[in-house]
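Below is one structure, written out as structure tokens, with a few remarks after it.
The values are calculated or read from the model by the stated rules, or taken from the named source; none is laboratory data. Quick caveat, the model's predicted, so the values are computed rather than measured. Backbone-built Cβ (ideal geometry, glycine too); neighbour counts: all protein chains shown. The area values use the complete protein model at the heavy-atom level, side chains included, leaving out ligands, DNA and RNA. Shrake-Rupley method; radii C 1.70, N 1.55, O 1.52, S 1.80 Å.
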Amino acid sequence: MKKLVLIIITFLSFTYHGKAQTTVVTDDSTYTPASINALFEVYSKNKDKGILIPRLTTAQRMAITTSSTNDISMLVYDTDTNTFWYFDGTSWVEIATVGIVTDDQLLTFSNDTLYIESGNQVYLGDYMELPDTAINGQVLTWNGTAWVAQDIPTIVSDSTLTGDGTITNPLSVNGDLTDDQN
């Protein structure tokens, strides 16, 4: 009976220990796993190595027979798109794109609020109060607390301005042009 109990205890300890083990891939024979909760860990002694994720073409990736439950989180690198893809249980989802990622959104402005397509908004009321002296077309600058209307320069000239500002008829000044800085 003692032998049977000893065999059972030994078997159970190996079974329990086997379930708690972490598979570590490393180039350091002295490395101890960082976490007992990780099933798989990759460690580089000199921190100069990485892992290679399976590399497939788009056709190869799409040819994988996926199961909605068993293949959730499957990760591959698509060599046609040069991006990583994972399976979300329904379809393949691209993780990252090469280059600049944009998120175009429609902006609308009403009263003193800027509305963003995603449902967010920015209240601009504190910055919308214009000086009483501002006129249409005048340059305004922000001084940190309020908008300030810039003085309209007085132009003294015996010159003439010709053209309409188009490429074929650019604006030009005929004569001397000076401005009064007072």
Report, ordered by the first and then the second residue, all pairs with beta carbons closer than 8 Å, sequence separation of six or more or different chains, a first member in the stretch 35-58 that is within 24 Å of PHE87 (Cβ to Cβ) and aromatic (Phe, Trp, Tyr), and a second member that is open to solvent by 50 Å² or more (accessible area, probe 1.4 Å) and modelled with pLDDT under 90.
PHE40/THR23; PHE40/VAL25
With criteria (1) closer than 21 Å to GLU41 by Cα; (2) free of Cβ contacts under 8 Å to residues at least 24 places away in the same chain; (3) open to solvent by 80 Å² or more (accessible area, probe 1.4 Å), THR65 comes up short on (1)
Kindly check whether there is at least one residue in the stretch 110-127 that is farther than 30 Å from PRO54 by Cα, open to solvent by 70 Å² or more (accessible area, probe 1.4 Å) and modelled with pLDDT under 70.
yes
For the stretch 31-42, does any single residue satisfy the condition of being of a type in the set (A, V, I, L, M), open to solvent by less than 100 Å² (accessible area, probe 1.4 Å), in a loop (DSSP other than H, G, I, E, B) and touching a Leu at 6+ places or on another chain (Cβ under 7 Å)?
no
Going through (1) of a type outside the set (Lys, Arg); (2) surrounded by 12 or more Cβ atoms within 10 Å (Cβ to Cβ); (3) under 21 Å from the mean Cα position of the chain (by Cα) one by one, LEU106 fails only at (2)
Candidates ILE7, ILE51 - the one that is open to solvent by 50 Å² or more (accessible area, probe 1.4 Å), hydrophobic (A, V, I, L, M, F, W, C) and at pLDDT below 80
ILE7
